[in-house]
1. Which of the three applies to the range B:421-476, rounded, prolate or oblate, going by the alpha-carbon gyration tensor with a ≥ b ≥ c and a/c under 1.5 meaning rounded?
2. Between residue B:63 and residue A:44, what FRET efficiency comes out of the Förster formula 1/(1 + (r/R0)^6) with R0 = 60 Å and r the beta carbon distance, rounded to 0.05?
3. Find the relative contact order for chain B and round it to a whole percent, using C-alpha pairs within less than 8 Å whose residues are 6+ positions apart.
4. For residue B:465, what charge total do you get from the other residues with a beta carbon under 14 Å from its beta carbon, if Lys and Arg give +1 and Asp and Glu give -1?
5. Do me a favour and compute the ellipsoid semi-axes for the range B:98-144 from its Cα gyration tensor, root of five times each eigenvalue, largest one first, whole Å.
6. With θ set to phi - 60° and the Karplus curve 6.51 cos²θ - 1.76 cosθ + 1.60, what are the ³J(HN,Hα) couplings of the range B:223-229 in order, to the nearest whole Hz, using x for Gly and Pro?
7. Roughly what angle does helix B:40-58 make with the longest principal axis of chain B, taking Cα atoms, 0 to 90 degrees, to the nearest 10?
8. Using a cut-off of 9 Å between beta-carbons, work out the net charge of the residues near residue B:137 (Lys and Arg +1, Asp and Glu -1, residue B:137 not included).
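Coordinate-derived values only; no laboratory data. What you are looking at is a predicted structure, and each value in this text was computed from that prediction instead of being measured. Here the Cβ positions follow ideal geometry from the backbone for every residue, glycine too, while neighbour counts run over all protein chains shown.
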Amino acid sequence: MSDASATQAASSRLRWLGAILWPSFLTAGVATMVFFANVDPETLRYETLPDWEIGRKLGYTLGFFMFWAVCAASSALSVWLFSPARRAAKAGRKES
Amino acid sequence: MSEARNRRGRGAKQEDAAASEAVSMYQSREKVYPRGIKGRFQSLRKFAVFALLGLYYLLPWVTWNGRQAILLDLPAREFHIFGLTFWPQDFFFLALLLIICALSLFFVTALAGRVWCGYACPQTVWTEVFLWIEHWTEGDRPRRMKLDRGPWNREKIVRKFSKHGIWILLAAWTGFTFVGFFTPIRELGVRVFTLDLGPWETFWLIFYGFATWGNAGFMRENVCLYMCPYARFQSAMFDRDTLIISYDEARGEPRGPRKRGADPAELGLGDCIDCTMCVQVCPTGIDIRDGLQYECIACGACIDACDQVMDKMGYPRGLIRYTTENTLEGKPTRIFRPRVIVYSVLLLALIAGTLTAVAMRTPMRVDILPDRNALYRELDGGRIENVYDVKVLNMSQQAHTYTVSASGLPGITADTDPDRIEIAAGEQRNVPVRLRVDASVMSTPGTDVELTVTSEDGTLSVTETTRFHGPYNRGE
Ligand code: SF4
Ligand code: SF4
């Protein structure tokens, strides 16, 4: 019993992680593309951090992970706000 | 078939049910062991697999005008596609292309349902190949099931090892090819063997290879069920005239086993002999006889399986077939309906527009950056000089020589070093440009002036506006 609920908890955590990381990965990909189509990381670095050594490849990568982090934060918030409502709805359904 | 209609019509409720169902499905979903099957649609799919993967694996090796035909050079911010070179500034075309792709997907979905899923989606295509390998190393469905249940003996180890070995080789090759779209693939090949890959190339090779291995080897239908956005919204494009794969309930029910040659009418049975072949071949593990389900990727395997059974029984084919809801209900099916017409008109307009725009694109570009250090300089003799860094892109297929001229103020002159700027095909060059004007003609401290870059043969010319600065209270 406890074993089953442990795996259940583990898999539900995995599902949460999936629901947060996967959509944010997709949107971050699109955002990175649009952003770097218009902004050259080299220029950006020159304008903001002229003393740093950041090549284009590193620039793209940093940009992508930054977008991913921001999108993931938004996804996490959605999941978090959405879940109590779903739990309540589920409880309500069980009663009826 | 009204069942299927309801499933889609119920929108929100269905979503909700799917959400709670997903919770339990995640643990209880059993591994699907699709049975191999031959038939019309499977041949078509095989053809699609060879065509698409052939393109994928071979395209990076094609050379065009001495350069890799498709090379998306991110570090240089240049994208070569056969004869054309695109820069990030052409993002507009990429956006158009993506919109055209999306619209085509809608169009095809409205007409013929999920043919994308069944025949062209990379997820399906690679899964198919991984399944062939699995079939080849581990045997057909019953043997695979037995092997998985059985103990880890010599045979199981050998079979599993060879399966994963081939899978990993293919996945690695896939990752290598992927990177080869972004880095010249021939050099990349050499560097793989001399273990001289850069960190990003290594990362993406492993990442893409790993994703292929995981998605096609393990996740399979779960990608479609839980990860794919298209799977969730495709039903919005469906209507009653869309081609779907469907079981003919009226003809098949009541289902039940029988001896070959027995008269179903006498037994009070329909044409379905309940052999579950259609379920066993389904790569997503569903029973198409339960009606249209969003898990169905329209691969047609169940049609081929059922047709074989019908042939054996001596019944007409098509108990499971491509059809439309209207046909199933005995109503006429319309191909040209408002939805289809709107999609096709939009699509044609967009394609025509994009092609014209690409063809008419002036194959050069000019970017002007004012000198950062000083706004202006006063020269002897009352002249004022502004310096600009001008980037000229030659996007054409030939080398060109350009000259720079200026206008917008009386007597303005433009000097470059050298005077004639030679730029090879598909290259760019930064040129310092000095604009000079007599201080007396400046009535305000800043004026817009035009810089024109012209090719020497006179065919190409681009004019950009920039700001010319002078001392503050002069000439007021
Ligand atoms: S559901 Fe999504 S991932 Fe699956 S085959 Fe269709 S498009 Fe591809
Ligand atoms: S129900 Fe038939 S068409 Fe749909 S996924 Fe399964 S086998 Fe393919």
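1. On the way: a/c = 3.38, a/b = 2.75, b/c = 1.23.
It comes out prolate by the Cα gyration axes.
2. On the way: r = 34 Å, r/R0 = 0.57.
Calculated transfer efficiency: 0.95.
3. Values: 698 pairs, mean separation 67.6, N = 476.
Normalised by residue count, the contact order of chain B is 14 percent.
4. Details: positive: B:467; negative: B:367, B:448, B:450, B:464.
Net of charged neighbours comes to -3.
5. Working: eigenvalues 205, 24, 4 Å².
Here the semi-axes work out to 32, 11, 5 Å.
6. Whole-Hz 3J(HN,Hα) from phi for the range B:223-229: 4, 5, 6, 10, 10, 8, x.
7. 30
8. Numbers: positive: B:159, B:160, B:163; negative: B:134, B:138.
Result for the local shell: +1.
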